[in-house]
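Enquirer: Sharing a structure, written as structure tokens. Questions coming.
None of the figures in this text is laboratory data; all of them are computed from the coordinates on show. This structure is a prediction, so every number in the text was calculated from the model and none was measured. No Cβ is skipped: glycine too gets one built from the backbone with ideal geometry, and neighbour counts run over all protein chains shown.
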Amino acid sequence: MRQLNKKNIIALTGTPGTGKSGAAEILKKKGFAVIELNSEIKKRKLYSGYDRKRKTYVADMKKVEKFLKKELKSEKYKSKTAIMDSHLSHLLPSSIVNTAIVLRCKPAVLEKRLKRKGWNAEKIRENVESEIIGLIEYEARKKHGKVFVIDSTRLAAEQVARKIKKQMTKVFKP
């Protein structure tokens, strides 16, 4: 069985609303291989159940890992840097991901973004609290050797994508 080329696999993570998906979409248009992990979890039923209170699926990370190990061996990802776009991607093991890029955002701005998305008050509160304490950055640093943080508070998606690309260039020198 072919080994994963993990040197080119990045977890693009952060609290929901920090700008991951917008930046990932721009990087995808520029030729980067992007796996929209949340979409794949729903589409491939890589979850253990549905949380009615939070109105979200509960990802089964064992199923997610199994899917990614197979997916990343495909020709599509053979010679490209793969970017895992999800607030869960930093939870992937270092056998799959070796670098995490965490997007952060000032809590007041994040709250406004989540309100614009139409999220309920409880879900907004949980995510803003998570951002205040830096939960995702903390979890990423616990799990991965290389963690980079980008403050997306005052940046447009294109600017965030440029910063991510610049960081990837530093990490993956030819």
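Enquirer: Tally Lys/Arg at +1 and Asp/Glu at -1 over every other residue whose Cβ is under 13 Å from the Cβ of G134; what's the total?
Expert: On the way: positive: R104, K106, R141, K142; negative: E129, E131, E137, E139, D151.
Once positives and negatives cancel, what remains is -1.
Enquirer: Peptides 160-171, 102-113: what's the order by average Cβ count within 10 Å, highest mean first?
Expert: Per-residue mean Cβ counts within 10 Å order the peptides as 102-113, 160-171.
Enquirer: Give, as a single signed number, the net charge of other residues whose beta carbon lies under 15 Å from the beta carbon of K55, with Lys and Arg counted +1 and Asp and Glu -1. Mind showing how you got there, number by number?
Expert: Values: positive: K42, R52, K53, R54, K117, K123, R125; negative: D51, E122, E126.
Once positives and negatives cancel, what remains is +4.
Enquirer: Something else about it: Alpha carbon centre of region 3-52 versus region 81-127: separation in Å?
Expert: Cα centres, region 3-52 to region 81-127: 10 Å.
Enquirer: Where does the charge balance sit around T15 when Lys and Arg score +1, Asp and Glu -1, over other residues with C-beta under 13 Å from its C-beta? Please report the intermediate quantities before stating the final value.
Expert: Details: positive: K20, R104, K106, R113, K117, K123, R125; negative: E111, E126, E129, E131, E137, E139, D151.
Residues near T15 contribute 0 overall.
Enquirer: Cα-Cα over 32 Å: which of K73/K106; K76/K115; K20/K62; K76/K142; K55/K170; K76/K112?
Expert: Exceeds cut-off: K73/K106; K76/K115; K55/K170; K76/K112.
Enquirer: If you take every DSSP beta bridge fully contained in the chain, what fraction is antiparallel? Give it as a percent rounded to 5.
Expert: 15
Enquirer: Next up: Calculate, for K112 and K70, the FRET efficiency according to 1/(1 + (r/R0)^6) with r their C-beta to C-beta distance and R0 41 Å; round to the nearest 0.05. Intermediate values should be presented prior to the final figure.
Expert: Numbers: r = 39 Å, r/R0 = 0.96.
So, using R0 = 41 Å, E works out to roughly 0.55.
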